[in-house]
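The values are calculated or read from the model by the stated rules, or taken from the named source; none is laboratory data. Computed from a predicted model, the values in this text were never measured in an experiment. Positions of Cβ are backbone-derived with ideal geometry, glycine not excepted, and every protein chain shown enters the neighbour counts. Side chains included, ligands, DNA and RNA excluded: accessible areas come from the protein's heavy atoms. Shrake-Rupley method; radii C 1.70, N 1.55, O 1.52, S 1.80 Å.
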Amino acid sequence: MSSVQDPFYIVKEEIQESIDKLQSSFHQWERISCDTGAQVHLTKDLLAACESIEWQVDELDKAISVAARDPSWYGIDEAELEKRRRWTSTARTQVGNARKAVVAGREVNITVRRELMRMPNSQQTDKSNQYTQDNDDLIQSESDRQVLLIKQQDEELDELSASVERIGGVGLTIHEELLAQEKIIDDLGMEMDSTSTRLDFVQKKVAMVMKKASAKGQLMMILFLVVLFIILFVLVFLT
């Protein structure tokens, strides 16, 4: 099966696009000032994206495990299976590292906020009076940037949701195809067993008749068996 038709590569491409977007958002998260509304919002989006991608990679690993039971049936070999396992392992590591960094950054922000809350009220008041005018413009600029970031994240989440739906559809298609192929194999096995039983019966009958028949009778029996074989061939293989 070519990589273009293989469902694995279709799902892999979807997941890789999600990982690329996750890394882009992660770099953007690193550049945002700590303890801002934009970073808090982006942190939630990053954690949600990590969870979604990890779920997709887990599902892909399950599909690889199914294919590993009978690689020849799916037209792949052990080298290809190992290659696919390495890719899912690498993808899981990338997402895991991003998740750990985001969680660690969130915990640092929480610690900073707690320390600020412990500062004396007089010190907070002095700093507030000192920087109020300067912060007005900064707050307005930050607010505008947050609006843009939220809009961008909404669009990325919509795309991620569409990707998850497509992956789910591919997974259902693969499952239905496996069930259909399994039923065909079972039916073929039952048909072969039935045919084998009928042939064994006919062979036994022929052996008994051949022992009892004369030369002329044997010739007639051979002709009869040829006709019977043709009929069975038509019934089994052409109907």
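Quick notes on this one:
- Check on Ser163, among the hydroxyl-bearing types (Ser, Thr, Tyr) and under 14 Å from the mean Cα position of the chain (by Cα): yes
- Selection within region 38-90 - among the aliphatic types (A, V, I, L, M) and closer than 30 Å to Asp154 by Cα: Ala38, Val40, Leu42, Leu46, Leu47, Ala48, Ala49, Ile53, Val57, Leu60
- Inter-residue pairs, beta-carbon under 8 Å, first among the basic types (Lys, Arg) and in region 155-167, second assigned to a helix (DSSP H, G or I) and open to solvent by 40 Å² or more (accessible area, probe 1.4 Å), 6+ apart: none
- All conditions in (1) over 27 Å from Val102 (Cα atoms); (2) open to solvent by 60 Å² or more (accessible area, probe 1.4 Å); (3) aromatic (Phe, Trp, Tyr) hold for Trp55, with the sole exception of (1).
- Tally of residues being of a type in the set (Gly, Ala, Ser) and free of Cβ contacts under 8 Å to residues at least 24 places away in the same chain across region 19-32: 1
- Region 166-178 - residue that is hydrophobic (A, V, I, L, M, F, W, C) and within 11 Å of the chain's Cα centre (by Cα) and, of those, surrounded by the fewest Cβ atoms within 10 Å (Cβ to Cβ): Leu172
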